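Worksheet: the structure to be examined is printed underneath.
We did not get these values from a lab; they are worked out from the coordinates using the rules stated. The shown structure was predicted, so the numbers you read here are calculated from the model rather than taken from an experiment. Neighbour counts run over all protein chains shown; Cβ positions are idealised from the backbone, glycine included.
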Amino acid sequence: MQDKYNHLEVERAAQAGWTARDAYRVTEDAGRKKFYACSMLPYPSGKLHMGHVRNYTINDMLTRYLRMNGYNVLMPMGWDAFGLPAENAALKNKVPPAKWTYDNIAYMKQQMQAMGLAIDWSREVATCDPSYYKWNQWLFLKMLDKGIAYRRTQVVNWDPVDQTVLANEQVIDGKGWRTGAVVEKREIPGYYLKITDYAEELLDHVQQKLPGWPERVKLMQENWIGKSEGVRFAFPHAIRGDDGELIGDGRMYVFTTRADTIMGVTFCAVAPEHPLAAHAAKTNPELATFIEDCKKGGTTEAELALREKEGMDTGLVVQHPLSGEEVPLWVGNYVLMSYGDGAVMGVPGHDERDFEFAMKYRLPIMQVVHVDGERYDYKQWHEWYTDKVNGVTINSDIYSGFGYQEAVNAVAHALQQKGLGEKKTTWRLRDWGVSRQRYWGTPIPIIHCAEHGAVPVPEKDLPVVLPQDCVPDGSGNPLNKREDFLACACPVCGKPARRETDTMDTFVDSAWYYMRYCDPKNDQAMVAEGADYWMPMDQYIGGIEHAILHLLYARFWTKVMRDMGLVKVDEPFTKLLTQGMVLNEAFVRVDTGKHYYWAHDLDIVRDEHQKVVSATAKSDGQPVTYEGWTTMSKSKNNGVDPQDLIEKYGADTARLYTMFTAPPEATLEWNDDALEGSYRFLRRVWQFGVKLNVAGVVADKLAGNAYGKAAQALRREIHTVLRQVDYDYQRMQYNTVVSGAMKMLNALEDFKGAAEPGADAALREGFGILLRVLYPATPHITAELWRALGYTAQSGDLLDAPWPKLDESALVQDEIELVLQVNGKHRGSILVPAGADKAAIEKIAVASEAFTKFAAGAAPKKVIVVPGRLVNVVL
């Protein structure tokens, strides 16, 4: 055994041993308790980052702990390999996305193996592999057959220079990210999945079947699904189109959850794409320009929510459905055509968005809800304006004096009597558009025939294989130029036809990859017996940024597969852990643009609390602004390369640091000093192992079961910490697990009873427990120490060793220490038999040397005993 800890040699040897025996290959075993633990699969961007290290170490600790407790544990890994970043990289580097992707996969896999992760690589999948995406296509066709998938037009961002569709994130200030051309909105056909058919079940199961999910994630799911119970009704109008017919049959529909405020309507607003807006724009050039401006930029609800609210009066009016009064009609950039009917009623008195709009354009504001004790301010927004619990309607004609529900019922009844509306339940959730007008994705298995239209590819012809040698040049989808891909025969008539060039949204790839891990090599079925054994997943681990769409789509996909008889589960993930982000300090200088600096290129002044006071660049001595703690990223020059850490300190140090510094759910603020501290701790562990080895305290040298007092105390400390550590493992609080391991090492190092009976046995047992407790976090160093000290003779390799058993007898104390006070002041301590009664404790206290010294011959007047804590002798 080497005297000094050489992390490179230790980790290289451990990993070679695990690889040689294929240690982490897992098979289905009906006779064992199964546990499926999975981290969200990474995008192969080139290198791992510290967020990856943290995520996968959490998973690895769980896997190793459960394996030690007898579970059959599956921990797989794969690659979310399709998507836009690969196309962007290919465009920049002039290489096919396939080459860029596979090169990155190879490098990142090597990094994962260097981390010592207990991954079953026999189950590895890459979503860009035809053997994987064949099943995307297969299930898509099944959905198409059942009406779950369907085709309709969709609004997209179109770059007129590059002649290509842009993702929302590629539109910057209304212009294409690459060309700078003003982006247009175009309607083109695309495929959708009817996730709305599952809205009710998706919502109900959030509370019924996801008890192991964080509450905030469940709330995010509920809000995104967005069930709303309200009233859908029409504002009548007399606006006619060019054909002389009433537009929309003379009705403009809206939906509201606040029908109680209907008498407070002072305007209505429609989306820029609404037929009434288009009609008004025909005779109003200024309005037409405004509408075109509204169509620039992103199309999502989130983006529109951040945009400044803008509008323009159309000059048209609609009729209030109850009062009959004319209501001005505006176009609003915050109204989405894709939500509801593309129109809203404006009640600025009791809707914050409408209030902001009305204040900006000086529109009337009416109070129609009153809350006792509150005074309405027409110039400033107050939260109570939306109070529907305590509010009572006012200024509402015959509907005044009603509470919320009474008013809603009365208004809904009146509208129904007029044939203008009714109560209705609506959903925020919209069908999932899966068509992407990009190259690097799963080809949509459709053939376009001049005679038969869109025809599904026959199942026997799957997969439709994506050419892997295309190099995007920015001039649209390269598949449109690949005649060898495009040209085919119609499956119906056999005549020449063309393949669909749209590819699937990459959320399709990640919606079910965790099921494919269960049957990764099966070329006859999407999933089979493996999924029956492993699903549902017992623990899913990933970032909070995936809390909505990925998880929602995975839940939907699972329910579709269930309904098709492919799986037997309702929900895919039993428990969910959303790990915190890894943060680091960022420093920036803003001149012609933003320039970020590495901390090592700066002279940084800190105060006594280590907070940054100032920073100057070493290159020019000029000041640089401290931006604070932000997520590590290459663009901000504040990332830490895991490979550098592994080479300098070892994978075990990187793993230990990320687990010890913060609980898994909390953000981790990077600290180089704390990283060094983790490395020093592992060196101490190694040195203690060397000390035991030199002293001959090895696993095959037993010293019997007769323990002296110091040995008993050591065992009591070790087993007390073990009990807490086991509890912490079960609740996945790995930072306190590491703290427990540190307490154990302190107790071992502080042991002073080497000459006592049972000393060697106590040390050997304690260090063996420490190694097993620390093993899931730092598997390399602990495995080598386990081997070098001979523990393998009794329990085999540490990889196969069982979790240490708590010895309850070690927790039993023959004597307990009590604080001794004299007249309420601390004067020392006394040892008393564990079962001593009050009288015996009093006798020991007054006879103690500490009491005799401070009493100076005075007799005690009273002795107060606080069981298990202290004795106070009053003179």
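Write down the percent of antiparallel bridges among all DSSP beta bridges whose residues are both part of the chain, to the nearest 5.
If we restrict to bridges inside the chain, about 80 percent are antiparallel.
Excluding residues fewer than 8 places away in the same chain, name every one of the lysines whose C-alpha is closer than 20 Å to that of residue 709.
The reachable lysines, counting only those whose Cα sits under 20 Å from residue 709, are 743, 752.
For segment 88-130, build the charge dipole from Cβ charges (+1 Lys, Arg; -1 Asp, Glu) around the Cα centre, then report which of 130, 90, 115 sits farthest towards its positive end.
Final value for the positive-end residue is 90.
So how far, in whole Å, is the C-alpha centre of segment 523-560 from the one of segment 610-641?
40
Taking the dipole about the Cα centre of the chain, with the C-beta of Lys and Arg at +1 and of Asp and Glu at -1, give me whichever of 450, 632, 720 is farthest to the positive side.
720
Per the helix-only calculation at 222 nm, which mean residue ellipticity applies to the chain, given -39500 (n - 2.57) for every DSSP H run of n ≥ 4 and division by its residues, nearest 500 deg cm²/dmol?
Here the helix-only value at 222 nm equals -10500 deg cm²/dmol.
In square nanometres, what is one fourth of the surface area of the convex hull spanned by the alpha carbons of the chain?
It is 50.7 nm².
Hey, got a sec? Which trypsin sites (Lys or Arg not before Pro) in segment 25-118 land in a DSSP loop and have at most 12 other Cβ atoms within 10 Å?
For trypsin sites (Lys or Arg not before Pro) across segment 25-118 that sit outside H, G, I, E and B with at most 12 neighbouring Cβ atoms in 10 Å, the list reads 25, 32, 33, 94.
Going down the list 94/460; 92/175; 34/805; 47/559; 146/460, which pairs span over 25 Å between their C-alpha atoms?
94/460; 47/559
Quick check on segment 815-874: of the DSSP beta bridges with both residues there, what percent are antiparallel, nearest 5%?
The antiparallel proportion sits near 75 percent.
Work out the P(r) tail for segment 679-817: percent of alpha carbon pairs separated by more than 19 Å, whole number.
When all Cα pairs of segment 679-817 are counted, 48 percent exceed 19 Å.
Ranked by Cβ crowding within 10 angstrom, fewest neighbours first, how are 249, 509, 159 ordered?
249, 159, 509
Order of 601, 162 from fewest to most other C-beta atoms within 10 Å?
Ordered by Cβ neighbours within 10 Å, fewest first: 601, 162.
Between the DSSP loop rule and a limit of at most 11 other Cβ atoms within 10 Å, which trypsin sites (Lys or Arg not before Pro) in segment 788-833 are left?
Within segment 788-833, the qualifying trypsin sites (Lys or Arg not before Pro) (loop, at most 11 other Cβ atoms within 10 Å) are 805.
Express in whole angstrom the spacing between the alpha-carbon centres of segment 115-145 and segment 806-875.
Centre-to-centre distance over Cα atoms comes out at 68 Å.
If you wrap a convex hull around the alpha carbons of segment 582-637, what volume per residue comes out, as a whole number of Å³?
So the per-residue hull volume is 80 Å³.
Can you put 723, 764, 178 in order of Cβ neighbours within 10 angstrom, beginning with the fewest?
Lowest count first: 723, 178, 764.
Rounded to whole Å and sorted largest first, what semi-axes of the equivalent ellipsoid does the C-alpha gyration tensor of segment 815-874 yield via the square root of 5 times each eigenvalue?
Gyration-tensor ellipsoid for segment 815-874: 17, 11, 10 Å.
What is the total of Lys pairs in segment 320-458 with C-alpha atoms under 23 Å apart, excluding same-chain pairs fewer than 8 positions apart?
Going through segment 320-458 pair by pair, I get 4.
Taking +1 at the Cβ of each Lys and Arg and -1 at the Cβ of each Asp and Glu, which of 476, 432, 490 sits farthest along the dipole of segment 432-493 towards its positive end, judged by Cα position relative to the Cα centre?
432
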